[in-house]
1. Take the eigenvalues of the Cα gyration tensor for segment 359-476, scale each by 5, and report the square roots as semi-axes in whole Å, largest first.
2. For the chain, take the longest principal axis of its alpha carbons; what is the angle in degrees between that and the long axis of helix 326-338, to the nearest 10 within 0 to 90?
3. Take every Cα-Cα distance within segment 252-370, group them into 10 Å bins from 0 onward, and report for each bin the whole-number percent of pairs it holds.
4. In whole percent, how big is the carbon plus sulfur part of the accessible area of the chain, probe 1.4 Å, protein atoms only?
5. Sorting Ile439, Ile10 by accessible area (1.4 Å probe), largest first, what list results?
6. If you line up the long axis of helix 54-75 against the longest principal axis of the chain, both from Cα atoms, how many degrees apart are they, to the nearest 10?
7. Provide Tyr516, Tyr384, Tyr225 ordered by accessible surface of protein heavy atoms (probe 1.4 Å), highest first.
8. Over all alpha-carbon pairs of segment 224-320, lay out the pair-distance distribution in 10 Å bins, whole %, shortest bin first.
Amino acid sequence: MKNVSWRLLIVFGVLIIAAVLVAPTFKPGWWPHRQINLGLDLKGGMHLVLEVETEKAVESTVDRIREELRSLLRKERIRHQGIKPAGETGLSVTIMDRDEIEGIRKILSNEYADVEVKSTSPVEAGLEVKIGLTDEWVQEIKKQATEQALETIRNRIDEFGVSEPDIRIQGQRRILVQLPGIKDTARAKELIGKTAQLEFKLLDEEHDLGAALNGNVPPGSEILYQAETASQSPVDAKPQPYLVKEQTLLTGAHLTDARVQIDQQFNEPFVSIEFDRKGARTFERITGENVKRRLAIVLDDKVYSAPVIQERIPGGTARITGNFTTQEAHDLAIVLRAGALPAPVKIIEERTVGPSLGHDSIRAGLLSMIAGGILVVLFMVIYYKGAGLIADFALILNILLIAGGLAAFGATLTLPGIAGIILTIGMAVDANVIIFERIREEMRLGKTPGASIAAGFDRAGLTVLDANVTTLIAALVLFQFGTGPVKGFAVTLSLGVLASLFTALIISRLIFDYIYTTRRVRSLSI
């Protein structure tokens, strides 16, 4: 009896916990508020395949090297006639003195291990030196761009609040994104696809904007347009142009935080941003040197605001205003916190899975599970009689434990996951069949009911344990290396194996002990 008591406490404890975990799924809002997440195939949602324009990441690297090389040549006093792009991965430098070629080689050797002189050719003004990135570095930049884009998109989606998204790399430059339960697909695409390259640039107030719009853009300047917002009225549909200096004074690389706040004066949302220590010093210097000038805050080549600098701004904080709605400001803060994409992404495949398809899938899955369950229950009762009823009761508890496990771990139930549960039903019954047949053998040898039960569970237990552990190992391997639906199948199968072991070896044994040992029944119905 003492042996039964502690097992009884464990069983009741586990079942109560499972019931509490499952309850919010059927009654949202109940503590502990964790529900079983449904996958894209059951709940509906959005399926996207993005392609990272990795060539843009290579171009950005080449542009950065060009700016740095210009400064290094000036520092080493190497005269040249400019640094121009040469192909997608190279630069062309025309130096005045041909003997300076060694100086360039030395700079490249010291500063850039993966940039080399490709060729030299004499020209009228001196010597044209073509330099370029090594093929290995180009491939590494492209690979890193895809991996970084994956992490950035993952961070944005996490902050967006999507439960159990499926985000992974496909091939060399594609990213698969599946977002269960997403209804506002346009907002999700805007959030995912925004490059979020934040820059601070001075407005060119020395030259005429009208002349620039007519084609006379002064050297070192460019025309950018005001960002469009959903709150703009049709009158404001035509975005305002700005003549902006091309030089970027500060980028979003130094951002540490971005949050939505409400302007107390105008009752409008804005995005408050904070810089790290280096960014704060740079921002203070920029504002100190350009008091009474307009500083444009540019995101993805769109001007969000261009306020006049009234005074030096210490502390490393700034605000981005732009006549936002609260949702726009919230999404902008998300992309700024998650960081900029290393290269633009474009959507090459988009599918929206409707909830009706999910409902049909759920109905079909539940129907098959109920039909299979009824057949199994009938078979066990007909073939094993009273013992079959115990196995059926354990089977119901088995499903309860699987559901509780799904809710506890925040796992996602997919259509293959339902298949895993159906497979588990068969495995749970199989464990009971092995035990019951062993009990029958013991009874044929003339043992008492109590001795037959003890011997049956003890000797069949190892066989059941061995069969389930090998299945569990296979399921864990599937979970580790599988993706999407395969992982969903592995989750339910793993939980099902553990639940099956618990119900077959502990709960069934407990019921047998209670009925036939504690109540001293003389014969077994098996």
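The values are calculated or read from the model by the stated rules, or taken from the named source; none is laboratory data. Because the structure is predicted, anything quoted here is derived from the model rather than measured. Positions of Cβ are backbone-derived with ideal geometry, glycine not excepted, and every protein chain shown enters the neighbour counts. Side chains are part of the model used for accessible areas, which takes the heavy atoms of the whole protein and leaves out ligands, DNA and RNA. Shrake-Rupley method; radii C 1.70, N 1.55, O 1.52, S 1.80 Å.
1. 30, 17, 11
2. 90 degrees
3. Values per bin, smallest distances first: 12, 31, 26, 11, 10, 7, 3, 0.
4. With neighbouring chains kept in place, the figure for the chain is 55 percent.
5. Ile10, Ile439
6. Taking the Cα atoms of the chain, the angle to 54-75 is about 40 degrees.
7. Numbers: Tyr516 25, Tyr384 5, Tyr225 95 Å².
Highest to lowest solvent-accessible surface, that is Tyr225, Tyr516, Tyr384.
8. Binned Cα distances yield the sequence 14, 43, 36, 7, 0.
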